[in-house]
Amino acid sequence: MHDQARVVIIGSGIAGSSIAYHLTQRGWRDIVVLEQGPLISGTTSHAPGLVGQLRSSISLTKMLVYSISLYKQLQVDDNPGYFEVGSLRLASSKERMEELKRQVGFSRSAGLEAELISANEAKRMFPMMSLEGVEGALFLPTDGSAKAPIIAEALATIAQEHGATFYANTRVTGIELVNGHVQSINTTQGRIRTEIVVVAAGIWSPRIGRMVGISIPLIPMQHQYVLTGPLPELAGEITIPNLRDPDNLVYFRQDGNCMVLGGYEHDPAAFDVDAIPDNSNPTILSFNPPRFESLMQGCVKRVPSLRGFELVNQVNGLESFTPDGEFVLGESPDVKGFWAACGFCAHGVSGAGGVGKMIAEWIIDGEPSLDLWEMDIRRFGAYTASRRYIATRVNEIYSTYYDISYPMRERSSARKLRISPVYNRLEELGAVFGEKAGWERPNWFATNEQLAEGQGWPEPYSWASRYWSPAIGAEHQATRERVAMFDETSFSKIEILGPGSLAFLQRITGNQMDQPVGAITYTQMPNKHGGIECDLTVTRLTADRFQIITGTAFGNHDLSWIRSQMPSDGSVYVNDITSSRCCIGVWGPRARDLVQQVSEDDFSNEAFPYLTAQNVTIGNIPVLALRVTYVGELGWEIYAPMEYGLKLWDTLWEAGQPFGMLAAGYRAIESLRLEKGYRYWSADIHSEYNPYEAGLGFAVKLQKGDFLGREALERIKAQGVTRKLSCLVLDDPAAVALGGEPLLDGERVLGFVTSAGYGYTVRQSIVYGYLPIAYAVPGTRIELQLFGINYGATVMKEPLYDPKNEKIKV
């Protein structure tokens, strides 16, 4: 038994073996992989084996495409682990057919081959199916079937040949920390000194997390499937593609002359992680025939010849599901050296190759080559430590797994968790709430819908009109023409203070932080490759105290990034003050008139310039007012201790009525910011994009001195960018993109939509996306594919609204 290792990986399944493989491929040695039972057991041993590549994000799809390219090279004793048989996704409803049309476009954006085919063409590929209700199908030729144990064994063998050691029947009993850093791991076979532990333990991962005091938010779900006996239709050399029929909740995979049948029922069964049995194969439970009955009915409906056929094997296997259905990857923000690679839901086999590559890059290079925000463990807030929350949300995730994935659909479970002090006022005003990071936030106000009548705004086509309201336009218009009030309490607020705070911020941001007290600076925090790790505003409150404001969903990520860069000399303190401050935003040409009515302080342009902050009073309430905007209009973000929030709202609301003020929601903010070209982190900008190609070079001050990423940014600026974030408008204003659609020049894919929406002031359908530099010229004509239809688009000079910033500086 090793007494020391560079990295210890807990779990020898396909993910753990992949991580070991990729670390050793990068030249790292002394890698130890621990397995509590026989090697390559757990979920890997009973994976259904369908390998698909098309997923909900570009990064995840690229990871899965990489997995397939790797699996094609692997075999054990001349037995391959991957079979490229292709896959079919059926549309058994007209609405599902629309989803497939959207997925074809998304596939093109991700560089994945996919084709929309007729029902008859699908039947030629899968002759056993009934065409009852089938509208068509999506065919992905490079998808396939996998024997997960073979792939895992092949990866483990190569890893061992290059310096990794695998230990079976070795249970982890504890992890030792010193000052929040991993120091060693204790096992039933002895102690191993190490500074890096990677948890790839599947359903056991939450138990391992508890050993170091962190929550890994996943829960085991019981996933059932069956194997038929030999079928006459599959005799001989017949090969058919995998088949998914999500409208009937089922999937099919050929296994020799037999068939694997399974699916995702609407009444799922979770399993307590602490009740996992201690036996030879604890991830397999007793099969539950009544619970499988609804799936079997769906299978027989699609393949009638299966009725009454012998089932030779029935599996009830435990799979890991997370509260948002995505992976849990990356280093814990709370324990240095403690990494997670788990929560793979139904994508474990498909994702393992890419997961191994990303984790190896992340550990060795300090960051992965793809933006992994949607899979990053740092996306989860403290509320996900609640097992009740995890179980409730995961139940919804599993039960809707095969539902049509509408981009704007909100989750309905585990709601009203985090509410602002004005929640009841918003509810009284008819707010239609959405949820982000546990916060209830108004998307729009239903009572404003009547104000949109007669304005001439088009109703968006197709899916863009789902989870949408004409009230968005009315709220947008009120902001542009009068004044609107927004509850932005959910904004993430971070305080940085101490004698070293200025030097610290200078080192981790691209802009100049040495500004006068009261100055607000917009900036990014670049990574060492120049990518945009965080996007935020920094307000200097005193000589050695700063306030950072960032997005609702990104606070935990940004806080973790900032803390990971902190000096060790105690000169800097970083505090999350989100829950102690409310925020009310007021914007519009009458915003100054509004606040001046309720304040004794001077809000004139001369006394209170743009991008400055002051401590003032609103009514009887002490507040910090920031003259800044994300909507492109005159106005202020007004911060107060949480207990003043309700009175602050009421004071402003009463004073605003003579000006025709409306309460407005986040969907209006989205429309307003698109007209102004303001970037949104995680969509328009993220770790793969640098400020120069994102049009944010103005916020980079290379001359200020050394800072993280400066060398890379100097090189990028000197060499010039090859792509640029561009603003486009569609010829048809009612054609509104949803994100991920391909941008085309004929058959050539130039890029994809990063964000989009309708601009109610400019009355155009707006799209943002990265284009090759030769195309990123105003006046260039290209096309955008939306639900299978190509729409003409023109590259525009940005911003579309108030290009001279006259509105915000008056």
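The values are calculated or read from the model by the stated rules, or taken from the named source; none is laboratory data. Every value quoted in this text rests on a predicted model; they were computed, and no experiment measured them. Cβ coordinates were reconstructed from backbone atoms using ideal geometry, including for glycine residues, and neighbour counts include every protein chain displayed. Side chains are part of the model used for accessible areas, which takes the heavy atoms of the whole protein and leaves out ligands, DNA and RNA. Shrake-Rupley method; radii C 1.70, N 1.55, O 1.52, S 1.80 Å.
Is there any pair linking a residue in the stretch 575-587 that is within 9 Å of Phe486 (Cβ to Cβ) to one that is open to solvent by 20 Å² or more (accessible area, probe 1.4 Å) and not in a helix (DSSP H, G or I), with Cβ under 8 Å and at least six apart or on different chains, and which?
Cys583/Phe491
For the stretch 444-474, enumerate the residues that are over 26 Å from the mean Cα position of the chain (by Cα) and of a type in the set (D, E, K, R).
Initially, the stretch 444-474 is screened for residues over 26 Å from the mean Cα position of the chain (by Cα), giving 445-459, 470-471, 473-474.
If the condition is that a residue be over 26 Å from the mean Cα position of the chain (by Cα) and of a type in the set (D, E, K, R), then Glu449, Glu453, Glu459 are the ones that fit.
Mind listing whichever residues of the stretch 161-174 are among the polar types (S, T, N, Q) and in contact (Cβ under 8 Å) with a residue 60 or more places away in the chain?
So the first thing to find is which residues in the stretch 161-174 are among the polar types (S, T, N, Q), and the list is 165, 169-170, 173.
Matches in the stretch 161-174: Thr165, Asn169, Thr170.
Could we say that Met129 is open to solvent by less than 40 Å² (accessible area, probe 1.4 Å) and closer than 29 Å to Gln53 by Cα here?
Yes: the conditions hold for Met129.
Here's the yes/no breakdown for (1) surrounded by fewer than 19 Cβ atoms within 10 Å (Cβ to Cβ); (2) closer than 19 Å to Gly588 by Cα:
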site: Asn448; (1), (2): no, yes
site: Leu451; (1), (2): yes, yes
site: Trp463; (1), (2): no, no
site: Arg466; (1), (2): yes, no
site: Ile472; (1), (2): no, yes
site: His476; (1), (2): no, yes
site: Val483; (1), (2): no, yes
site: Ser490; (1), (2): no, no
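Of all residues in the stretch 132-156 being open to solvent by 10 Å² or more (accessible area, probe 1.4 Å) and among the β-branched types (Val, Ile, Thr), which is farthest from Met63 (Cα to Cα)?
Val134
Looking for whichever is modelled with pLDDT of 95 or more and crowded, with 21+ Cβ neighbours inside 10 Å here; the options are Tyr689, Tyr680. Which one fits?
On the way: Tyr680 fails: crowded, with 21+ Cβ neighbours inside 10 Å.
Of Tyr689, Tyr680, the one residue that is modelled with pLDDT of 95 or more and crowded, with 21+ Cβ neighbours inside 10 Å is Tyr689.
Name every residue in the stretch 18-32 that is open to solvent by 40 Å² or more (accessible area, probe 1.4 Å) and either within 19 Å of Thr173 (Cα to Cα) or in contact with a His (Cβ under 8 Å, 6 or more places away or on another chain) (or both), in order of residue number.
Gln25, Arg29, Asp30
Quick check on the stretch 6-17. Is at least one of its residues open to solvent by 20 Å² or more (accessible area, probe 1.4 Å), modelled with pLDDT of 95 or more and either in a strand (DSSP E or B) or out of contact with any strand residue (DSSP E or B) (no Cβ under 8 Å at 6 or more places or on another chain) (or both)? Write out each step before concluding.
Start the filter on the stretch 6-17 by keeping residues that are open to solvent by 20 Å² or more (accessible area, probe 1.4 Å), which leaves 6.
Those still in the list that are modelled with pLDDT of 95 or more too: 6.
When the remaining residues are screened for being either in a strand (DSSP E or B) or out of contact with any strand residue (DSSP E or B) (no Cβ under 8 Å at 6 or more places or on another chain) (or both), the result is none.
Among the residues of the stretch 6-17, not one is open to solvent by 20 Å² or more (accessible area, probe 1.4 Å), modelled with pLDDT of 95 or more and either in a strand (DSSP E or B) or out of contact with any strand residue (DSSP E or B) (no Cβ under 8 Å at 6 or more places or on another chain) (or both), which makes the answer no.
Check the stretch 63-78 and report whether any residue there is open to solvent by 40 Å² or more (accessible area, probe 1.4 Å) and farther than 23 Å from Thr142 by Cα.
Of the stretch 63-78, the ones open to solvent by 40 Å² or more (accessible area, probe 1.4 Å) are 65-66, 69, 72-73, 75, 77-78.
Those left that are additionally farther than 23 Å from Thr142 by Cα: 77.
Yes, there is a match, as at least one residue in the stretch 63-78 is open to solvent by 40 Å² or more (accessible area, probe 1.4 Å) and farther than 23 Å from Thr142 by Cα.
Being assigned to a strand (DSSP E or B) and hydroxyl-bearing (Ser, Thr, Tyr) is the filter; apply it to the stretch 543-601 and report the residue that is farthest from the chain's Cα centre (by Cα). So that I can check it myself, show each step before the final result.
Kept after step one, since they are assigned to a strand (DSSP E or B), are these residues of the stretch 543-601: 545-550, 573-576, 581-587.
Narrowing further to those that are hydroxyl-bearing (Ser, Thr, Tyr): 550, 573.
Details: Thr550: 16, Tyr573: 29 Å.
Result: Tyr573.
Leu634 versus (1) under 14 Å from Cys583 (Cβ atoms); (2) hydrophobic (A, V, I, L, M, F, W, C); (3) under 35 Å from the mean Cα position of the chain (by Cα): which is the lone unmet condition?
Against the list (1) under 14 Å from Cys583 (Cβ atoms); (2) hydrophobic (A, V, I, L, M, F, W, C); (3) under 35 Å from the mean Cα position of the chain (by Cα), Leu634 comes up short only on (1).
How about the stretch 555-579: which of its residues are of a type outside the set (A, V, I, L, M), in contact with a helix residue (DSSP H, G or I) (Cβ under 8 Å, 6 or more places away or on another chain) and either crowded, with 22+ Cβ neighbours inside 10 Å or under 20 Å from Ala385 (Cβ atoms) (or both)?
Gly555, Asn556, His557, Ser560, Asp576, Thr578, Ser579
Of the residues Arg411, Arg415, which is closer than 15 Å to Ser490 by Cα and not in a strand (DSSP E or B)? Walk me through how you get there before you give the answer.
Working: Arg411 fails: closer than 15 Å to Ser490 by Cα.
Residue meeting the stated conditions: Arg415.
Conditions (1) free of Cβ contacts under 8 Å to residues at least 12 places away in the same chain; (2) open to solvent by 40 Å² or more (accessible area, probe 1.4 Å); (3) over 27 Å from the mean Cα position of the chain (by Cα), marked per residue:
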site	(1), (2), (3)
Leu744	no, no, no
Tyr760	no, no, yes
Pro778	no, yes, yes
Leu784	no, no, no
Phe787	no, no, no
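Consider the stretch 424-439. How many of its residues are in a strand (DSSP E or B) and open to solvent by less than 10 Å² (accessible area, probe 1.4 Å)?
Of the stretch 424-439, the ones in a strand (DSSP E or B) are 431-436, 439.
Then drop every residue that is not open to solvent by less than 10 Å² (accessible area, probe 1.4 Å), which leaves 434.
Qualifying residue count for the region: 1.
Looking at the stretch 297-319, which of the residues that are touching a residue at least 24 places away in the same chain (Cβ under 8 Å) and part of a loop (DSSP other than H, G, I, E, B) is surrounded by the fewest Cβ atoms within 10 Å (Cβ to Cβ)? Full working, then the answer.
Narrowing the stretch 297-319 to residues touching a residue at least 24 places away in the same chain (Cβ under 8 Å): 298-299, 301-306, 309-319.
Those left that are additionally part of a loop (DSSP other than H, G, I, E, B): 303, 309-310.
On the way: Val303: 23, Phe309: 18, Glu310: 10.
Looking at the filtered set, the residue picked out is Glu310.
Is there any pair linking a residue in the stretch 659-686 that is under 17 Å from Lys436 (Cα atoms) and of a type in the set (Val, Ile, Thr) to one that is open to solvent by 20 Å² or more (accessible area, probe 1.4 Å) and in a loop (DSSP other than H, G, I, E, B), with Cβ under 7 Å and at least six apart or on different chains, and which?
Final answer for the pair search is Ile669/Tyr630.
Pick out the one residue from Ser92, Ser145, Ser109 that is among the small types (Gly, Ala, Ser), under 32 Å from the mean Cα position of the chain (by Cα) and farther than 19 Å from Val250 by Cα.
Testing whether each residue is among the small types (Gly, Ala, Ser), under 32 Å from the mean Cα position of the chain (by Cα) and farther than 19 Å from Val250 by Cα leaves just Ser109.
Residues being touching a Gly at 6+ places or on another chain (Cβ under 8 Å) and among the β-branched types (Val, Ile, Thr): count how many of those fall in the stretch 730-772.
Residues in the stretch 730-772 being touching a Gly at 6+ places or on another chain (Cβ under 8 Å) and among the β-branched types (Val, Ile, Thr): 5 in total.
Just checking, how many residues over the stretch 33-59 are crowded, with 24+ Cβ neighbours inside 10 Å and either under 20 Å from Ile363 (Cα atoms) or hydroxyl-bearing (Ser, Thr, Tyr) (or both)?
So the answer is 4.
Collect the residues in the stretch 160-193 that are open to solvent by 20 Å² or more (accessible area, probe 1.4 Å) and assigned to a loop (DSSP other than H, G, I, E, B), keeping them in residue-number order.
Answer for the stretch 160-193, where residues must be open to solvent by 20 Å² or more (accessible area, probe 1.4 Å) and assigned to a loop (DSSP other than H, G, I, E, B): His162, Gly163, Ala168, Asn169, Arg171, Asn179, Gly180, Thr188, Gln189.
Looking only at the stretch 711-724, which residues are out of contact with any Asp or Glu (no Cβ under 6 Å at 6 or more places or on another chain) and open to solvent by less than 60 Å² (accessible area, probe 1.4 Å)?
Initially, the stretch 711-724 is screened for residues out of contact with any Asp or Glu (no Cβ under 6 Å at 6 or more places or on another chain), giving 711-720, 722.
The answer is Ala712, Leu713, Ile716, Gly720.
Can we say Ala737 is surrounded by 15 or more Cβ atoms within 10 Å (Cβ to Cβ), aliphatic (A, V, I, L, M), in contact with a helix residue (DSSP H, G or I) (Cβ under 9 Å, 6 or more places away or on another chain) and modelled with pLDDT of 95 or more? Walk me through how you get there before you give the answer.
Numbers: surrounded by 15 or more Cβ atoms within 10 Å (Cβ to Cβ): yes; aliphatic (A, V, I, L, M): yes; in contact with a helix residue (DSSP H, G or I) (Cβ under 9 Å, 6 or more places away or on another chain): yes; modelled with pLDDT of 95 or more: yes.
Yes: the conditions hold for Ala737.
Within the stretch 324-341, identify whether any single residue is part of a loop (DSSP other than H, G, I, E, B), touching a Cys at 6+ places or on another chain (Cβ under 9 Å) and among the hydroxyl-bearing types (Ser, Thr, Tyr), and answer yes or no. Spell out the reasoning first.
Keep residues of the stretch 324-341 that are part of a loop (DSSP other than H, G, I, E, B), which gives 324-327, 332-335, 337.
Now narrow it down to the ones that are touching a Cys at 6+ places or on another chain (Cβ under 9 Å): 325-327.
When the remaining residues are screened for being among the hydroxyl-bearing types (Ser, Thr, Tyr), the result is none.
No: zero hits.
Filter the stretch 664-675 down to residues that are open to solvent by 10 Å² or more (accessible area, probe 1.4 Å) and of a type in the set (D, E, K, R), then give me how many there are.
Total meeting the criteria: 2.
Restrict the check to the stretch 663-677 and report whether at least one residue is outside any helix (DSSP H, G or I) and within 30 Å of His529 (Cα to Cα). Give the steps one after another, and end with the answer.
Of all residues in the stretch 663-677, those outside any helix (DSSP H, G or I) come to 663-665, 677.
Okay, now just the ones that are also within 30 Å of His529 (Cα to Cα), so 677.
The answer is yes; a qualifying residue exists.
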